[in-house]
Amino acid sequence: MDFIRVLMRRCAALFSRRKLDAELDDEFRAHIDLAIEENMRDGMTRRQARTAALLHFGGVTQIKEAYRMRRELPFIEQMGNDLRFGIRQLVKNRAFAITAVLTLALGIGATTAVYSVIHAVLIDPYPYQGASRMVHLHLYDKEPFPDDLALTGPQFVHFQKSSVLDGAIAQDPFSMALTGEDLPEQVQVDRISPNAFQYFSVPALIGREFGASDSSQVAVLSFAYWKSHYAGRSDVAGRTVQLDHESYTIVGVVPQRFGWAGSDIYIPLVYSSDFRRIANVYARIKTGVSNEAAEQALQPMLDAFAKETPQNFPQKFKVHLVRLNDIAVGRFSGVLVILFITVLFLLLLGCVNVAILLLARAGARRPEIAMRKTLGATRLRIVGQLLVEVLLLSVSGGVLGVILACAGVRLVTHYLPQSVFPSEAQIALNIPVLLFSVGVSMLTAVAAGLWPALLASRTQLRQATDAASARLAGNRGVNISHMSLLALQVALTVLLLACSGATLRKLSQLVHADLGYDPHNLVSVSIALRDGAYPHWQRRINYYDQILKTISTNPSVASAAIVEGDLPPSILDSATLSLSGSSSRSDGSVIPQQVSPSYFSTLRIPLLRGRVWSDAEALHANRLVLINSAMQRRYWPNENPIGQTILLNNGVVTTNVWTLAAPGNNGRYEIIGVVGDSPNRGLDEQVAPEVYLPYTMRTFDSFSLVIRTNGDPSNLLHAIKEQVHAIDATQAVGAMTTASYLLERDSLGRERFVACLFTAFALLGLAFAASGLYSILSYLVSQRTREFGVRMALGAKRRHIVGLVTLPAFVAVLIGSAFGLLASYACSRLFAQWTSGDARDPVMLGFVLLLMLAIAFAASLIPACLATSIDPMRALRTE
């Protein structure tokens, strides 16, 4: 019985609905017949009168929908009707719908992706407890480059008890040889104090981490090393690893985000009683204590330490605390902030563009909206139906924006230079910012869609029926709201283009910078001695010389050299310089670089004057040096520096357990030659004065082999390992890097990344501006069809019609461009400080202005052509 009652109710509802639809169709036909009669009284034929009536009311579908809006339907059924009608409207206007959805999606996706990177890199990059209070301790004297704080064992114990600290650790990172296999492998080992893992408070992924109760022969693996060498096996705990022929028991594996010091293996640090054995110290400041207050509290303690071990501290130093992330990110933090501000502009551009599109479309639909009200629809009903249409656009744009945001995060992460953000940073989609971007975009769309609907819903019957015919010539005044939005859009676009142009010019300068050497077929291989190996100066330099000569015999090696650091433009510390040879007067600073005599021929750095010391002179530690051209220009601009004597660091030659000084080295050297400049402060900095010393003057426990190859270097590393193993079976060889890779990583990677992002944002902004301009002009042409028809019927020229269409838009474009150029000029100092780009270059700004005008011309071309192709008679009949 229940089934029969339900079926009867549904049949009755269907019958009543069809009956009401029939009544509405009858009422619709009555209004159409009335309009036909009025048109026939104006002299039209019946066919023309019927066509004009249907066009006047906006079409059969819209009229029927307007009539049905008079019905009192349940809310769910009303929503269903509105959704179906909204979908039909968007399908009918595909170009508008696609443009609006893509604009919203691109703004949402770009904003979310960039902020997700900023949040992961700048705001929350580390998984460590209290990471925002962790600091590096730098010791500054009169030199611009600081020394890291390093303490002995007793000093570190006393340091930990400071009242301003919430913990401290000591570490001694070192390269060790992974032995027990055919060829030793060089791995990066971090010897850290036993309290380190408690200090970090990051639980182990597998097994456990060592502490104060563990022996010194335990090890914890990094996530990357565990994956690469143990294939991610879960039973790794309890195995042994052999480092420098000593066995260490693996007790655990740290999580992926734990990347302290970028090490492969962590072992306990055991302080030696030797006061020369020191380790770097890092600390965490207590909550509420500022850096300045901590510096003042720590300075007396460090002064006392300096009196105990003066060889471990610079003279007359001041301690300076630097937050953990400031070291890792450095100046790139400003670049990310600029990028985020830029992408906010892009989101604003997207919102403005959507507002322009919706306002233009709403203006064209005002007769339809007014007609709906005239036929009996309430304002609330009209606004509700239009709200559904706008929400369809907003939701579609939001969904696509989420997809683009996920893809954008992956894309930005892939191209973000690895050297400019902490390895611990985990870049993922930021949900709050995603919700914010979606909310702002949807609110903009709703506001831009409902405002004209509210205005149009006030229109009376006479305005609805005579909206077109009563207007002799469309709206003569320029639509102020549309043109204001267009000017704002153009201003933001010009600002984006100026920033993009500045970064591209900067990148071009770096790519074409004079390196002073030939980076092609040039590689670098690092070699580090095991701890305590070759402790005597003569044995060490003989060992290094033997390695160099052996490698040079390889058929794949054209030439090879030893260098203390790495290939240019590696940044090195500076030393004080006295020209007179007297320790009482310091004339400036210079960058010392220790190399073998073949360094210049291997890198193909030109010898401008004098000669290079010989191998024999280097092995006998003759105090001979070469200087670069920048040093000659600064200190001997009008004279020959050959034969001059210089004094470095006032004759103080620092030695420790890792560094051995040549006998008789008193810091005094004779200049025997001048070589060409090569970057020593980065590609974007001016070359500083540099002095080249024989590597034997101060021999370190590690060095780099610089090799120019005869061809593909892919198989060279294994051959080098075998040759070094034949000399010393315990010696490991590090990784091999190419000069091109080092240039890209250290100098070009960041600039290329920034330039690509700025260019992408500028192109999106340009597309938004072109879309907004095209929408406005198309709307104006549609509104002024009758006017243009009358003008052309009265003899107006095509160029006059084109001017009427494009002139207001070009005025708005010029005004917006002027404000954009002023904004780029005003922000240029901040932009230059954070990105090294010049946004005030007149040539670049002129090109930006021409590009903006060209895009404006291209966007206005189609609407202008449509305006000039109007048939006057058809225009009059249509209106």
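The values are calculated or read from the model by the stated rules, or taken from the named source; none is laboratory data. Note that the structure is predicted; figures quoted are calculated from it, not measured. Here Cβ is always computed from backbone atoms with ideal geometry, including for glycine, and neighbour counts include all displayed protein chains. Quick note on the areas: whole protein, heavy atoms, side chains included, nothing else; ligands and nucleic acids left out. Shrake-Rupley method; radii C 1.70, N 1.55, O 1.52, S 1.80 Å.
Remarks
- Meets criteria (open to solvent by 30 Å² or more (accessible area, probe 1.4 Å), of a type outside the set (Phe, Trp, Tyr) and either in contact with an Asp or Glu (Cβ under 7 Å, 6 or more places away or on another chain) or part of a helix (DSSP H, G or I) (or both)) for GLU685: no
- Any hit, region 337-348, residues being outside any helix (DSSP H, G or I) and either polar (S, T, N, Q) or open to solvent by 20 Å² or more (accessible area, probe 1.4 Å) (or both): no
- Considering residues of region 210-253 that are over 35 Å from the mean Cα position of the chain (by Cα) and under 18 Å from TYR128 (Cα atoms) only, the residue surrounded by the most Cβ atoms within 10 Å (Cβ to Cβ): PHE210
- Filter result (at pLDDT below 95 and in a loop (DSSP other than H, G, I, E, B)) within region 221-235: ALA231, GLY232, ARG233, SER234, ASP235
- Some residue of region 179-194 being over 30 Å from LYS721 (Cβ atoms) and part of a strand (DSSP E or B): no
- Subset of region 283-327 (residues that are in contact with a Lys or Arg (Cβ under 6 Å, 6 or more places away or on another chain) and charged (D, E, K, R)): ARG284
- Residue in region 277-285 that is surrounded by fewer than 20 Cβ atoms within 10 Å (Cβ to Cβ), in contact with a strand residue (DSSP E or B) (Cβ under 8 Å, 6 or more places away or on another chain), aliphatic (A, V, I, L, M) and part of a loop (DSSP other than H, G, I, E, B) present: no
Rundown of residues vs (1) outside any helix (DSSP H, G or I); (2) modelled with pLDDT of 75 or more; (3) not charged (D, E, K, R), yes/no style:
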residue	(1), (2), (3)
ALA370	no, no, yes
LYS373	no, no, no
VAL388	no, yes, yes
LEU400	no, yes, yes
ALA405	no, yes, yes
VAL409	no, yes, yes
PRO432	no, yes, yes
PHE436	no, yes, yes
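- Pair list, Cβ < 6 Å and 6+ apart or interchain, from region 204-233 residues that are free of Cβ contacts under 8 Å to residues at least 12 places away in the same chain to residues that are surrounded by 13 or more Cβ atoms within 10 Å (Cβ to Cβ): TYR230/VAL236
- Residue within region 335-346 that is under 30 Å from ALA231 (Cβ atoms) and among the aromatic types (Phe, Trp, Tyr) present: no
- Pairing residues of region 638-657 that are within 14 Å of VAL691 (Cβ to Cβ) with residues that are among the charged types (D, E, K, R) and at pLDDT 90 or above, at Cβ distances under 7 Å and at least 6 apart in sequence or on separate chains, gives ILE642/ARG609; THR645/ARG668; THR645/GLU670; LEU647/ARG668.
- Candidates in region 179-209 are the residues that are acidic (Asp, Glu) and open to solvent by 10 Å² or more (accessible area, probe 1.4 Å); of these, the one that is farthest from GLN731 (Cα to Cα) is GLU209.
- Checking each residue in region 520-536 for being open to solvent by less than 20 Å² (accessible area, probe 1.4 Å) and not in a strand (DSSP E or B) picks out LEU529, ALA533.
- Restricted to helices (runs of 4 or more DSSP H) entirely inside region 728-825, those with at least 3 residues that are hydroxyl-bearing (Ser, Thr, Tyr) and open to solvent by 30 Å² or more (accessible area, probe 1.4 Å) are 749-783.
- Region 826-845, subset among the charged types (D, E, K, R) and at pLDDT 70 or above, residue most open to solvent (accessible area, probe 1.4 Å): ARG829
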